[in-house]
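Beneath this line is the structure, given in structure tokens, with notes to follow.
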Amino acid sequence: MFETMTSAFIDEFPTYLRNKKLLVTAALCFVEFLLGLPLITRGGIYILQIMDWYSSTFSLMIISLTECLAITWVYGIGRFSDDIALMIGRHPPLWYKICWMFITPAVILFVLIFSMVSIAPVTYDDYKYPGWAISVGWMMAMCSLVPLPICAILAIVREEGTLLERIKKLLKPRAEWGPALPQYREKYEASLSGESRLRIFGGSSKQYYMTPVKADQVLEVDLKVNLTSVDQDEEFGPESKLTSV
């Protein structure tokens, strides 16, 4: 779990944190150390019970279910399998795909429904928590779920087109999606099917295996070359376009 959180911060801000992983890891360890201090006090077991009661049921199950559905059904189990093959050299077994697509979501959904049906206010032995403590528990459970719909709504609002067009566009990967290193990005783009290539790159005859920043630089250079050609045509006239055979 700690490595997942560290990787999330570094991947979100790679320009600033990629070369400072040791410092980021140390800072997060110190923050988690401070957050864990209340749990080792005489009343820490009551705080831990609230965290375990609410955070490990609804939020965890809903996020896990969303991840399974988004990867296997929205992104596509085929493309996900190709990505794994690109990294480890072989496709995952069929049983894994069946679990990711059907069995795992079904089990998570069953646990989620069972938890919702059997939910009761948090208790610890014979101690019953006050109302404000239960409210704090629900806020802890919601703090990891609320960003999901908020980010989805913001992404839809920032897109262009009708509501349906915006949703369809957001359900497709961006052109810069893929490995960051050029040698691996070239292999990734070569592994795409014709339909996926057309959807992502727009069917262009030229494919640049580079990051979006470098692609903008190439576009700028091409524009300067075209403007130079136009200036030469205006200076020397139409005859300058003739070439000898």
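Where a number appears in this text, it was derived from the coordinates with a stated rule and is not lab data. Just so you know, these numbers come straight off a predicted model, no measurement behind them. For neighbour counting, all protein chains shown are included, and Cβ atoms are generated from backbone atoms with ideal geometry for every residue, glycine included.
General remarks:
- Label point at L109 placed 7 Å out along Cα→Cβ; residues across the stretch 55-90 whose backbone nitrogen lies under 12 Å: 65-66, 69
- Considering only C143, F102, G131, and ranking their Cα positions along the charge dipole of the stretch 98-191 that arises from unit charges at the beta-carbon of Lys, Arg, Asp and Glu, the one farthest toward the positive end is F102.
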